[in-house]
Amino acid sequence: MFTGIVEEIGELLELHRDGSSAVLRIRGPKVAAGTRLGDSIAVNGVCLTVVTTDGTAFGADVMAETLKRTAIGALRPGDRVNLERAVPVGGRLGGHIVQGHVDGVGLVLARNPGLAWAEVRFGLPAELSRYVAEKGSITVDGVSLTVTAVGWVGGSDRAGGDWFEVGLIPTTLAETTLGARQAGDPVNLEVDVLAKYVERLLAATNPGTVDAGTTDLGRRP
């Protein structure tokens, strides 16, 4: 489990595709220090298992499902990535409960910079919008954020026409890759797992009242 509090911005050193899977190597001296084989590290919000490490960099395997559902496959050597080690038992839950299981890929739609902060709008797949609520939590490229607004503008493009906004404080802008994200950039999204469990429980206890595939919970016209 993670909390969405990025520990370090790492650098992708290598990404080798092997058929439908891939192997990547990332430099991250802070998170790699003391890391052991089998440990979990979130890379842009994607939970990966460490298979090699030299104390300053680590390697991980990426299976086909991960490449299909995330933006990991679009990375290139030299790209910067957000890194977070799994939270230890008894550790502080600084953000919110994050599994490192990406639900889909969104797009940066617009940035509205302020003097010391920025307001950013993201498009998201329509099937995820029902899990996103104003003042709720969402993970973007591994960063725990509070949703400040949600909306729907129609359309059938990749983002589904649905969107949400967040405010990025100076620390987030400086210490995560979101400070450099521009309109059109893809981002990994993980919605609040509690919302998914609530929906599943409602569907099981009240058959016919909640359709997990078509509900518009959380959507604004």
Report summary line: Under 5 Å from the placed amide H of T148, counting only residues 5+ away or on other chains, we find K135, E165, V166, G167
**Report entry** Proximal charge balance of A32 [Cβ under 15 Å; K/R count +1, D/E count -1]
**Finding:** -2
**Report entry** Karplus 3J(HN,Hα) series, Hz, for the stretch 169-181 with 6.51 cos²θ - 1.76 cosθ + 1.60 (x for Gly, Pro)
**Finding:** 6, x, 4, 5, 5, 8, 10, 9, 6, 5, x, 10, 5
Report summary line: So R92 and T52, fully extended at 0.36 nm per residue minus their Cα-Cα distance, gain in nm 11.7 nm
Query raised in the report: Measuring from label point to label point, each 7 Å out along Cα→Cβ, what is the D39 to V198 span in nm?
Result: 3.5
Query raised in the report: In sequence order, what are the phi-derived ³J(HN,Hα) couplings for the stretch 23-38 according to the Karplus relation 6.51 cos²θ - 1.76 cosθ + 1.60 with θ = phi - 60°, rounded to whole Hz, with x for glycine and proline?
Result: 10, 10, 10, 10, 8, x, x, 5, 6, 6, 4, x, 6, 10, 4, x
Query raised in the report: Under 5 Å between amide H atoms, partner at least 5 residues away or on a different chain: which partners does D39 have, H built in plane at 1.01 Å?
Result: V50
Query - Charge dipole magnitude, Cβ of K and R +1, D and E -1 - the stretch 104-205, Cα centre, debye nearest 20 - result: 60
**Report entry** Order of D185, D54, D162 under a 10 Å beta carbon neighbour criterion, fewest first
**Finding:** D54, D185, D162
**Report entry** the stretch 36-134: C-alpha gyration tensor shape, a/c 1.5 cut-off, then a/b vs b/c
**Finding:** prolate
Requested in this report: Using only Cα atoms, find the angle between the long axis of helix 193-205 and the longest principal axis of the chain, and express it within 0 to 90 degrees, rounded to the nearest 10.
Outcome: 50
Query raised in the report: Taking a ≥ b ≥ c as the square roots of the eigenvalues of the Cα gyration tensor of the stretch 68-184, is the shape rounded (a/c under 1.5), prolate (a/b larger than b/c) or oblate?
Result: rounded
Query raised in the report: At q = 0.17 Å⁻¹, what log₁₀ I(q)/I(0) does a Debye calculation on the Cα points of the stretch 8-85 give, no solvent, two decimals?
Result: -0.55
Report task. Could you tally the net charge around P113, taking each other residue with its Cβ under 14 Å from the Cβ of P113, Lys/Arg +1 and Asp/Glu -1? Result -> +1
Query - Rounded to whole Å, sorted largest first: equivalent-ellipsoid semi-axes of the stretch 36-81, Cα gyration tensor - result: 18, 13, 9
**Report entry** Only Lys, Arg (+1) and Asp, Glu (-1) charged, at Cβ; the chain dipole about Cα centre in debye
**Finding:** 100
Query raised in the report: Which value in deg cm²/dmol, rounded to the nearest 500, describes the helix-derived mean residue ellipticity at 222 nm for the chain, given -39,500 (n - 2.57) per DSSP H run of n ≥ 4 and division by the residue count?
Result: -3500 deg cm²/dmol
Requested in this report: Under 1.5 on a/c is rounded, so check that first for the chain, then, if it is not, pick prolate when a/b is larger than b/c and oblate when it is not; a ≥ b ≥ c are the square roots of the alpha carbon gyration tensor eigenvalues.
Outcome: prolate
Query raised in the report: Amide H of E7: which non-local residues (sequence gap of 5 or more, or other chain) have their own amide H closer than 5 Å, using H built in the peptide plane?
Result: L83, E84, R85
**Report entry** HN-Hα J in Hz across the stretch 113-121 - Karplus 6.51, -1.76, 1.60, θ = phi - 60°, x for Gly and Pro
**Finding:** x, x, 5, 9, 9, 9, 9, 10, 10
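Values in this text are rule-based calculations from the coordinates and carry no lab data. Since we're looking at a predicted model, the values are computed, not measured. Heads up, the Cβs are rebuilt from the backbone with ideal geometry, glycines too, and the neighbour counts pull from every protein chain shown.
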